[in-house]
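One structure is given below, encoded as structure tokens.
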Amino acid sequence: MDRGGSRTQPPRDAAGGSVTDSESLLTTPLDALHKELGGRMVPFAGYSMPVQYPAGIMTEHLHCRASAALFDVSHMGQAELVGEGAAAALEKLTPADVQALKPGRQRYGLLMNPAGGIVDDFMVANLGDRLFLVVNASRKHVDLPLIESVLPTGVKLKPLPDRALIALQGPGVAALVPTSLTFMGIGEIEIAGIKVLASRSGYTGEDGLEISVPDGQAEALAKALLAMPGVMPAGLGARDSLRLEAGLCLYGNDLDETTSPVEAALTWSMGKRRRMDWDFVGADVVRDHLDNGVKRLRVGIRPEGRQPVRAHSAIQKDGVAIGEVTSGGFGPSVGAPVAMGYVARDAAADGTALDLIVRDRPLPGRIAPMPFQPHRYAR
């Protein structure tokens, strides 16, 4: 998804390394529009993407919380699963209850490996005659072959590289694009005369829509949305600070193939039936973690003062290392630095005092509940 913050740092790939080979970068269908709008383009997950526009990350972030912001997320991977038994086949790789998903509904899921680690987090929707998938840009080259490897005869995976994805987020969206969709609902609607597939979901903690549109119509749609009152373009930096305030994970930072759903505090994404059958890849490890506990847990962290704490900063308690920050930055809506990371289980209680090591100096902080900014989804 996104990498940024109030003080912009170079975006990083899923392995944590900076992506700098500009000659091989891909572009989205909105590339020309980003440049026309003054977007500062940076490499991210193999794409040239806008990290911010002239208004700046702080302004874009606060505008999304107050009104409506438009994000280009066309770098994400879109695909369809078609054929009888598609939901059951996908459940071989995920503890999400895909078969119980009703037409017109979408849910969050995790793709798993045999070690109980998370290959990726993704969205899956039931469109009636097919499943619609959205996976992370940095992982689609891994996810799609993995899904294809478990499909039975008669079920086909169809990547959708000819579709763009636009996120319109904020409390003003409902008035600008009226829809009968409720939170996590999905369906075909028309916006500015363009037929699109829209889901009432997002990565900001706000109400909003994620809109899949044929790439040839993406720029016209984006311009129509930007022409609506109160809509501002926003880049990767604001998207990252918004999701961090909302307590949402970023793959490659907060989730990876060595992290289980239990450690990541994502057991809520595992269906009740799936936790009875235990028939997905990595189920034995996940079941053991649920039954016997884990050594570390993902937690929210509130540093004291105004100094942001970045990813990979060590976490100590009484001079002993107990974990590491995985995401951190300044929360413009909170008006203070916020972070999340993994700490030893016995130090994971809310209010626990700890030290965050910034430039070899301890910075005091405390474990804090997430989200840092209340969610405002349209339930």
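Values in this text are rule-based calculations from the coordinates and carry no lab data. This structure is a prediction, so every number in the text was calculated from the model and none was measured. Positions of Cβ are generated from backbone atoms using ideal geometry, with glycine treated the same way; all protein chains shown enter the neighbour counts.
Quick notes
- Estimated from the Cβ-Cβ distance and a Förster radius of 41 angstrom, the FRET efficiency linking Gln316 and Asp277 is about 0.50.
- Gain on full extension, evaluated as 0.36 nm per residue between Trp268 and Asp346 minus their Cα-Cα distance, stands at 26.0 nm.
- Three-way shape label, the range 267-368, alpha-carbon gyration tensor, a/c 1.5: prolate
- Tail beyond 16 Å, pair distance distribution of the range 172-244 (Cα, percent): 52 percent
- Residue order, fewest to most beta carbons within 10 Å, for Asp254, Asp288: Asp288, Asp254
- In the chain, helices alone account for a calculated mean residue ellipticity at 222 nm of -5000 deg cm²/dmol, with every DSSP H run of four or more residues adding -39,500 (n - 2.57).
- Cα-centre dipole for the chain with unit charges at Cβ (Lys and Arg positive, Asp and Glu negative), debye to 20: 760 debye
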